[in-house]
1. What dipole magnitude, in Debye to the nearest 20, does the range 112-183 give about its Cα centre under +1 on Lys/Arg Cβ and -1 on Asp/Glu Cβ?
2. Dipole size in debye (nearest 20) for the chain around its Cα centre, Lys and Arg Cβ +1, Asp and Glu Cβ -1?
3. How about the range 55-161: which trypsin sites (Lys or Arg not before Pro) there are in a DSSP loop, with at most 13 other Cβ atoms within 10 Å of their Cβ?
4. Any idea what angle helix 102-114 forms with the longest principal axis of the chain, computed on alpha-carbon atoms, 0 to 90 degrees, nearest 10?
5. Taking the highest mean first, how do the peptides 24-32, 166-174 order by number of other beta carbon atoms within 10 angstrom per residue?
6. Determine which residues of the range 56-70 fall in the zone a paramagnetic label at Glu12 would reach in this model, i.e. backbone nitrogen under 15 Å from the point 7 Å along Cα→Cβ.
7. Place a +1 charge on the Cβ of each Lys and Arg in the range 13-82 and a -1 charge on the Cβ of each Asp and Glu, then give the dipole magnitude about the Cα centre in debye, rounded to the nearest 20.
8. Taking H as built 1.01 Å from N, whose amide H comes closer than 5 Å to the amide H of Ser118, not counting residues under 5 places away?
Amino acid sequence: MAPEAGATESAESDLAATVREVEALLFLSTQPVSEIDLAEACQVDVGRIADAVGRLESDLVPGRRGIRLRRVAGGLTLATDPATEAAARRLLAKPRTPPLTQAQAETLAIVAYLQPVSRPEIARIRGVSSESAVSSLSERGLIEESGRSRFGATIYRTSPLFEKVFGLDGLDALPDPTRFDPTPEDERDLRERLLAAGEQRTEP
């Protein structure tokens, strides 16, 4: 291969990588982003950004793609094609699922990492009653019943919907809890709760 051909391929590859980065940044930003800010984020010069924006504009052709590149308020932003407005309104008109409360998030984390686990165990670990959180998570389909403990309490596990909602390929894909970096006070409190829950599990 001639040196010039190799240099051309390398430049094209670099530009394609910048196009992907620009598209990702515009997708993530809720506000228009200037070319200067894009250049700083991508660690390239403004000329490269201008080339990448031109390439992106040619890719997002109106009438062929559902997303368009728009210049607004001195910056760039991604917007939906006006032709998709009717479908977008129908989708966004549907009731939205409210975010998890702190109690629900704590309860869901306990079930995810300790499953199968009973409601009394969840309450012991959290230090407060978890009946409402467990019921809400069950109604939302994130956890489900998985039989009874030896003491007769209902035990719970996460559902397939849980993995779908959080984008997991399986429970093995859960974040590594050893990477959690709590304060010394939080660590001591968590350790005491978990030890107490463990003692309850091993009692005859």
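Each reported figure results from applying straightforward, stated rules to the coordinates on display, with no laboratory input. All values derive from a computational prediction rather than experimental measurement. When we count neighbours, we look across all protein chains shown, and the Cβ atoms used for this are built from the backbone with ideal geometry, even at glycine.
1. It works out to roughly 300 debye.
2. 1200 debye
3. Taking the range 55-161 and a limit of 13 other Cβ atoms within 10 Å, the loop trypsin sites (Lys or Arg not before Pro) found are Arg64, Arg96, Arg150.
4. Tilt relative to the chain: about 80 degrees.
5. Ranking the peptides 24-32, 166-174 by packing returns 24-32, 166-174.
6. Counting only backbone N, you get no residues.
7. So the dipole magnitude of the range 13-82 works out to roughly 340 debye.
8. Under 5 Å from the amide H of Ser118 lie the amide H atoms of Tyr156, each far enough along the sequence or on another chain.
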